[in-house]
Structures are given as structure tokens and as C-alpha cells.
2 protein chains.
Amino acid sequence: MPASVRIREVGPRDGFQNEPKAIATADKVRLIELLGGTGLRRIEVTSFVRPDLVPQLADAEQVLAAARLPAGVAVSVLVPNQRGLERALRQRSRFHAVNGFVSASETHNRQNSGRSVGDSLAGLERTFARGRAETLRCEGVIATAFGCPYEGRVPIERVLAIGRRLVVMGASEVAFGDTTGMANPLQVTELFAAARAALPGVELTAHFHNTRGQGLANVLAALQCGVASFESSFGELGGCPVPVGATGNIATEDLVSMLHEMRIETGIDLGALIEAARAAQQTIGRRLGSHLLSAGPVRWSAELA
Amino acid sequence: MPASVRIREVGPRDGFQNEPKAIATADKVRLIELLGGTGLRRIEVTSFVRPDLVPQLADAEQVLAAARLPAGVAVSVLVPNQRGLERALRQRSRFHAVNGFVSASETHNRQNSGRSVGDSLAGLERTFARGRAETLRCEGVIATAFGCPYEGRVPIERVLAIGRRLVVMGASEVAFGDTTGMANPLQVTELFAAARAALPGVELTAHFHNTRGQGLANVLAALQCGVASFESSFGELGGCPVPVGATGNIATEDLVSMLHEMRIETGIDLGALIEAARAAQQTIGRRLGSHLLSAGPVRWSAELA
């Protein structure tokens, strides 16, 4: 197992975009800056999607312009296409990486972006070429990598073939997304073992959801395959909470708590992270799914004395 | 990892006892009988505690007398002391096993039962001797085996010393309880590896809580140590949900879902189990913490066709 892991906080993008009630730009900026003070070294701050499709993130420019983050934080933005990238590039100095995504399943990709997987990959190729020309780090995310709600099982070979394409077009990192929470630890082991062999030298990232309660069990299985990069969302915000009551992304603070208890370093101050999640809960105005927000961190003997 | 595991459903005891609103005896019996129809082979149906201490289980005699369960189901009751066992023994033919508990931490044991660990063990010795004379299977539960909210870390040696005492006094099975959800997968691995060496030939059972979201990650770690016996609660009922908002026991349906997806057999019909949890949710009248109750089981390609 790795001695330390890298965590990308995706709540300001994946979390906020799923909130039905508008969050004020100033609140987003304040929460992002709180996250920036926790020791997190990777934060996805927004998405340059079409504002009419995702009104909640219509303030992408303003958020990117306003959020002040420590020098050590790698800032990434999601870009669904080249038009989104061009919007972001007007503030080139404000971010370090772009995140482009495609689904492993044809049906999910069509439902999500109205295009075939092949067309999405062709678009990503242009986007990543443009991004690389701007010396941006390119990250490819493969959604429904562990199963599709429309198609069911997704063959590992198909996932890895997409991963290879992403690497060929310049992705330094490939993230495997359990978009609707269908992954189990056995499958995680199989996929990451195969991915390590198929994509040598590429940073492999796990993006799990806690839809069926297995989020952290899947993290454990991934760690055991040597995966040292994870994406998660503070407060357990976001991540396609469908049907109602289902949870989405694993909570960053739940992830960090488990890692620290297992003596795996993250560089993150768990107390500060819980405070950021608590601030998000207050801003959003409903009880979030995070376990640590309710239970607090484990307190061991030295702390109880 | 084991090819199949045994699950003891503890919701009718550990779940119901924590509900603040009285549940009608007929409702309890109906829910227990629903559980009996799921393929579960071990059900803890009630506890013969003092009715003034736990009014919710004051109907232990009536529940035990009324619940009709299939012949293959091993019925157990919790007995806090010999007086409780004598109450249960008036219906000797209605159950197969007794469950007696002690905390690994001195402070928790005193808070929970007003006695020292030594006094609890002496009492359990008499209770188990009486139970064995009645050919009952005796199960010892060690609470706070993974940490104590008052004392913090509990040394593995202390936990194993108690385990050995329980075995010497006739326990066929020793359960390790993460009473307030402090366990992490590294610790689970360390404890169960040591327990297997210290208690050869004894059935070792893991009883995890999901307080900090690590319940199923801890199950995975235990499986990897060869643990093939688990306790859980349908709906995610019960298990000391303190502070408010914290979850308790892992949900049986979440556990079964993960195991089945990992191709580990349980003998349980997941659909029937979810229906039992749904019935509990309706009876109790609030949304329960179970993930499967919200998200439903994973549906793979064959089922989507």
C-alpha cells in the first residue's frame, strides 16, 4: 500500500453542480478558499460547461478569477469541449490542469453529452492538444468505468482501450469513475490490476461513489493495488444522488479519516477539512451525508488524557 | 477470502433497543418473521435485560414465544446475566444460543453495566456454565474491541486475553465489536490476524459499525484475514447512534450486496432482505440509514436486457 496519497477535492465542481438551489458566487469562493487552507494540494474549482445546461456553474469565470489559493495548490477546471477550454484560457494564469471526460458506456455517453464515445474522444483529442499547447496538465476521466445504469457491466477491455486513447492524446492522469456507485472491491482489484499493466507510468486515479455504502471499501481495494490518487467531495456533496436519498461521491473527510487512521499520509488537516464541510453544510442549508460531520474524528488515548 | 460467510441479523435486538418510540410486539414479531424468510440462518431476536433499564425490550418473553422461524434458523438471545438467562430458559425450546457480552475497556464496561470487567467475566462464567448445561451454544461478545470512547486505544493483548477467558468458559464463538465505530482496516487486519493465532478453532465474528463510513472497508479487511462470520442490522438500525446523526451498525442489506457482488455466498435473498428493511422503515416511521434501501441493488447487464 502507498505510504501517502494525493487527493483531488472535486466538491466545488461535482458537488455544487448538483445542488438545486443557487449558491452565491461569494459563498463558492469562500468555501474554495477554506478548502485551500486545509492542506489539499489539488482542487477542481469549477466547470466551463454551457451555462444554460448547468446554471449553477454559470459563474465559472468569476469563481476562477476570485478564489485565492496557496501556491502549492494545483487548480483544475473541467472542460466539456474546446469552447469551454477557450473560456477558461482567458484566465490562463489562474489554473494548472484541465479535466476532460468520456463515458466507457455508449448509452451513458449519449445520455450525458449527446454524442458517441468516438465523437467525445475526437473532441477530447482537440481539447487536450490545445491544453498541452498552453502547457496545461491534462487529465482524462472515464465515467461509468465500473458499470453503467443503462448497459450494466462494462468490459474492462473497453475501459482500458479508452484509457490508452486518453494517454496517447496527452493525458498525464486517467481517472476511473464509479459514476452511479456500482463498483465492488473485487471489481476494483480486477480493473486497477489490469490498468496498471495496460497504462504503465500513467497516474491512475480512483473516483468512487458511496451510493451503496462501499465507497471506502473500494478505496481500500484500490490502495491494495497501489493506487495513490483519489477524487472525493467535501461533505459528501454531489455525485449524481439519484434516486433521492442515494449518496454520491465519497466524503473527502471520511476518506482522509480512514487514510490517517491507517497511517497513510495525505498532507491534509482533518479538523480544518471538517470545518470546511461544516461551512458548506451551513451554506447549503441541509444535512450533508458526510459521516465525519456527524461523528467527528476518532479520538485516541493521547487526545483523551 | 472465504467463499461463503455466515451473517447474524441483530436488528431485532441491537436495532430495536435503540429506538426511542415503542414498537408494538406484533410489529416486532412480523419483522422478525420477514427476516426469517430471507434465508438468514442466524437471528438474535431479543435481549433479556431488565425491563426497567430497556423498556423497548420488556416484551422479550412475548417476542420469543410468538416469532415463527424456519427450522434452519439459529435463534439467539442476549442475556446480560444469569437472571436474564433464567427468564429465557422458561422457553428453552424456542432458542438455540445465548449471547453474553463484556467490554474490553474498563471504563466502558462500568458505564455500560456498572461492574468491572473482572466481575462481568465472573458473571458470564456462571451464565455460560448454566447455558452449556442446557446445551445452548454460547457466544461471547467483546465490546469496544477496536477502541473506547473514554479510554481511546485498547491494547490487542487485553482484547485477546478476554477472548481466551470466554473460550475457556465455553464460548464457541467470540465476536469483536466496534461499539462506537473507531475501527479502521489496518487495525482490523492486526486484530484478526492476532486473534486467529490466539484462538485457534474458535469461530471469530466481526461486528462493525458504520459511524465513520468505514463499516464495509472493515468487512473487506476482515474477509482478507479469513473472517467468515459477521453481525449486522437490517435497515442500518441501532448500534449506539450517538452523537445524533451518526450511524450505528452496518446495514445487513449493504453487507449482503457487497458480498454477493464479490461472489461470496450468504444464502440470503437480497430482494427479500430489502423488503424486510423497508417494512422496518415503515413501522418505525423515519428514514433509515441503509444505502440499499435508497439505491436498490446493482443491476447488471443480464437484468437490464
**Study point:** Output for segment A:239-261, where each listed residue is surrounded by fewer than 24 Cβ atoms within 10 Å (Cβ to Cβ) and modelled with pLDDT under 95
**Key:** A:240, A:241, A:242, A:243, A:244, A:245, A:246
Exercise for review: Name, by its number, the condition in (1) more than 22 Å from residue A:148 (Cα to Cα); (2) at pLDDT below 95 that does not hold for residue B:296.
Suggested key: (1)
Point to revise | Candidate set from segment B:163-178 (those that are buried (at least 17 other Cβ atoms within 10 Å of the Cβ) and more than 18 Å from the chain's Cα centre (by Cα)); member that is farthest from residue B:105 (Cα to Cα) | key: B:170
Exercise for review: Filter segment A:170-199 down to the residues that are in contact (Cβ under 8 Å) with a residue 40 or more places away in the chain and more than 14 Å from chain B (Cβ to nearest Cβ), then identify the one that is nearest to residue A:238 (Cα to Cα).
Suggested key: A:177
Check your understanding: outside any helix (DSSP H, G or I), charged (D, E, K, R) and closer than 16 Å to residue A:103 by Cα - does that describe any residue in segment A:131-146?
Key -> yes
Check your understanding: residue A:260 is checked against (1) of a type outside the set (S, T, N, Q); (2) assigned to a helix (DSSP H, G or I); (3) within 28 Å of residue A:164 (Cβ to Cβ); (4) free of Cβ contacts under 8 Å to residues at least 12 places away in the same chain and fails just one. What number does that condition carry?
Key -> (3)
Exercise for review: Please find, within segment B:20-56, the residue that is nearest to residue B:268 (Cα to Cα) out of those that are touching a Phe, Trp or Tyr at 6+ places or on another chain (Cβ under 7 Å) and in a helix (DSSP H, G or I).
Suggested key: B:35
Point to revise | Condition met for residue A:271 (more than 8 Å from chain B (Cβ to nearest Cβ), outside any helix (DSSP H, G or I) and of a type outside the set (Lys, Arg)) | key: no
Practice item. Would you mention how many residues in segment B:126-146 are of a type in the set (D, E, K, R) and buried (at least 19 other Cβ atoms within 10 Å of the Cβ)? Key: 1
Revision key, fill the gap. Per the list (1) surrounded by fewer than 24 Cβ atoms within 10 Å (Cβ to Cβ); (2) modelled with pLDDT of 95 or more, residue check on residue B:149 breaks on (2)
Exercise for review: Output the number of residues of segment B:57-85 satisfying the condition of being part of a strand (DSSP E or B) and either basic (Lys, Arg) or in contact with a Cys (Cβ under 7 Å, 6 or more places away or on another chain) (or both).
Suggested key: 0
Review point. When residue B:113 is evaluated against the numbered criteria (1) at pLDDT below 95; (2) within 14 Å of another protein chain (Cβ to nearest Cβ), which criterion, by number, is the only one it fails?
Key: (2)
**Study point:** Failed criterion for residue A:224 (all others in (1) at pLDDT 95 or above; (2) closer than 30 Å to residue A:94 by Cβ hold)
**Key:** (2)
Exercise for review: Could you run through segment A:210-240 and say how many residues are facing chain B (nearest Cβ under 8 Å) and within 24 Å of residue A:112 (Cα to Cα)?
Suggested key: 4
Check your understanding: What number of residues within segment A:74-125 are under 22 Å from residue A:6 (Cα atoms) and surrounded by 16 or more Cβ atoms within 10 Å (Cβ to Cβ)?
Key -> 13
Study note, to complete from the structure: Over segment A:275-305, the set of residues within 14 Å of another protein chain (Cβ to nearest Cβ), assigned to a helix (DSSP H, G or I) and over 18 Å from the mean Cα position of the chain (by Cα) is A:278, A:281, A:291, A:292, A:293, A:294, A:295, A:301, A:302, A:303, A:304
Revision key, fill the gap. In segment A:200-219, anything over 14 Å from the mean Cα position of the chain (by Cα) and crowded, with 24+ Cβ neighbours inside 10 Å is listed as A:211, A:212, A:213, A:214, A:216, A:217, A:218
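The values are calculated or read from the model by the stated rules, or taken from the named source; none is laboratory data. No experiment lies behind these values; they were computed from the predicted model shown. Note that we place each Cβ from the backbone using ideal geometry, even for glycine, and neighbour counts take in every protein chain shown.
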